[in-house]
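These notes are about the structure you will find just below.
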C-alpha cells in the first residue's frame with residue numbers, strides 16, 4: 001500500500017468547519033451554534049436534557065435495595081446479640097444499666113425500610129422482644 005499524499009491538520013480542521021451541520025445539531029462549545037441559538041431565542045439546554053440530568057441525580061441518590069436489606073439485617077443481628085447477653089445476665093443475676101441503655105439506644109436508631117414483607121415482619125418481632133425486655137427491666141429496677 002502506497003501513500004500518495006498527506007494533508008495537514010490545518011486542512012482537516014478547515015474542511016470540518018466548512019462542512020454544514022444538520023439543522024438543530026450543534027456541538028457543545030461551538031460559538032457559531034451558540035450565537036444561532038441566542039438569536040433564535042432558543043433555550044441554552046433542551047428540557048429533555050435537563051430531565052435526563054434530574055433522573056441521573058435521582059438514581060445516584062437512591063440506595064440499592066441490597067444495601068438497605070444488609071443494614072436492616074445487621075441491626076436485627078445486633079439486637080439479637082444484645083438480647084442474648086441480657087438473657088445470660090438475667091440468669092446469672094448480673095444485669096447492668098449499661099446493657100439496658102445500649103439495648104434502648106439500638107432500638108431508637110432509625111430502621112431502614114425494606115421491600116421484603118417477611119424480613120419486615122421478622123424485624124418487627126425482634127424489636128418487640130427487645131421492647132418487652134426493656135419494659136421488664138424498668139419494672140424490676
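The values are calculated or read from the model by the stated rules, or taken from the named source; none is laboratory data. This structure is a prediction, so every number in the text was calculated from the model and none was measured. Here the Cβ positions follow ideal geometry from the backbone for every residue, glycine too, while neighbour counts run over all protein chains shown.
Residue 139 satisfies every condition listed in (1) at pLDDT below 90; (2) buried (at least 16 other Cβ atoms within 10 Å of the Cβ) except (2).
Taking the stated definitions as given, is residue 56 at pLDDT below 90 and assigned to a helix (DSSP H, G or I)?
Yes; evaluated as a whole, the condition is true for this residue.
The set of residues in segment 109-130 being part of a helix (DSSP H, G or I) and loosely packed, with under 13 Cβ neighbours inside 10 Å consists of 117, 118, 121, 124, 125, 128.
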